[in-house]
Amino acid sequence: MRKIIIAIDGYSACGKSTTAKQVAARLGYSYIDTGAMYRASALYFHQHYINLTNPSAILKALEETQISFHFNEKLQRSETYLNGLNVEDEIRKMSISNMVSEVSAIPEVRKHMVHLQRKMGKKKGLVMDGRDIGTQVFPEAELKIFMQAEMTVRAARRQQEYLSKNQVVDLEAVLENLKKRDHIDTTREEGPLRKAEDAYEVDTTYITVEEQVDYILDLATSKIIENLHTVSDI
Ligand code: DC
C-alpha cells in the first residue's frame, strides 16, 4: 500500500512528539523528532565552544556532527545519538532548551537539517514533527497537523516531564523558556514556525493524548485511501 508523509508542527511542549510517536507506531511508520536533531547540534556546539556568530565555524561543526536515532528495546523508546554516543537525556536538559532556539535560527544549521530530513523522507511511511515540516521540509506532505495548547498547560506538562526525570525545575523558569522559544521560533527569518495553509489545527489544551492520536489516525486513514485513488500503485 502507498505510504504517506505526516508532518506535525506546532509550539514547544504541546504534545507533538508523544502524539507523533503513537501515530507512527499504530501505522507501522518511522518517527523522526526533528527537535532532537537541533538539540543534538546545540549540544555539540556547546561542548566545542563554537562561536554562534561565525558561519565557517558552524559549517565545520555541522560536518563533524553525525546524528542518528536507535530504538532502545528495554526502555521502548527511540533515542538520539551524537557521533555514536547516546545523548537522549543530555539534550532534554534545561541548559540545552535554553540555547536550542538560538542555534536553530542560524541559516546554515537550518539548511543542513532540512537537507538531512528530506533524505529521511524519500521512502515515505514517516511521521516527522517539528516547526517547519509542513511548510519547508515537506510542503507536499499528504497530511499536515498544526498543534497548539494554552501556555500554562504547556508549561505544567513540560515541568512534569522534567520531574519524571528527577530534574526539579521552577514553573516560572519553564514558562519563561517556552515564551522565549515561541518568540524566536515564530520570528526567525528562515523556516519560522507557522501553520501551513492546508494543515489541520489541533488544540491539545482540553483533550487527551488518546483523542489526539485517534483524530490524526482517522485523518491519516482517509489520506492513505485518497492517495490510493489518486496515484497508481506500482
Ligand atoms: O521540539 P523541541 O522542543 O525539542 O525543539 C527544540 C527546538 O528546536 C525548538 O525550540 C525549535 C527548534 N526546532 C526547529 O527550529 N525546527 C524544527 N523542525 C524542530 C525544532
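Throughout, read-outs are computed from the coordinates displayed, never taken from laboratory work. The structure presented is a predicted model; accordingly, all values stated were derived computationally and were not measured. Positions of Cβ are generated from backbone atoms using ideal geometry, with glycine treated the same way; all protein chains shown enter the neighbour counts.
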Exercise. With r defined as the distance between the Cβ atoms of MET1 and ASP170 and R0 fixed at 35 Å, what FRET efficiency is calculated, to the nearest 0.05?
Worked result: 0.15
Exercise. So what's the angle, to the nearest 10 degrees on a 0 to 90 scale, between helix 34-47 and the longest Cα principal axis of the chain?
Worked result: 20
Problem set entry | Degrees, to the nearest 10: 16-27 long Cα axis against longest axis of the chain | 40
For this session: Mind grabbing the base-10 log of I(q)/I(0) for the chain at q = 0.08, 0.12, 0.15, 0.17 Å⁻¹? Debye formula, identical points on the C-alpha positions, no solvent, two decimal places.
Result: -0.29, -0.66, -1.06, -1.37
Problem set entry | Residues listed by number, the stretch 138-181, amide nitrogen under 12 Å from LEU75 label point at 7 Å toward C-beta | 165-166
For this session: Quickly work out the ILE224-to-GLU210 label distance, labels modelled 7 Å from Cα along the C-beta direction, and quote it in nm with one decimal.
Result: 2.1
Exercise. Around VAL202, which amide H atoms from residues at least 5 apart in sequence, or from another chain, sit under 5 Å from its own amide H, with H modelled in the peptide plane?
Worked result: PHE146, MET147, GLN148
Exercise. Hey, which aspartates and glutamates would be in cross-link range of LYS180, C-alpha to C-alpha under 13 Å, not counting anything within fewer than 8 residues on its own chain?
Worked result: GLU102, GLU172
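Listed here are the pairs LYS60/LYS93; LYS21/LYS60; LYS165/LYS195; which of them are more than 28 Å apart at the Cα?
LYS21/LYS60; LYS165/LYS195
I'd like to compare 16-27, 170-181: which one has the highest average count of other Cβ atoms within 10 Å, and what's the full order after that? Before the final figure, lay out the partial values.
Working: 16-27: 20.3, 170-181: 15.8.
My ranking of the peptides, most packed first, is 16-27, 170-181.
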Exercise. Hey, fewest Cβ within 10 Å first, where do ILE224, ILE6 land in order?
Worked result: ILE224, ILE6
For this session: Taking the Cβ of each residue in TYR215, TYR49 as the centre, tally the other Cβ atoms inside 10 Å and list the residues starting with the fewest.
Result: TYR49, TYR215
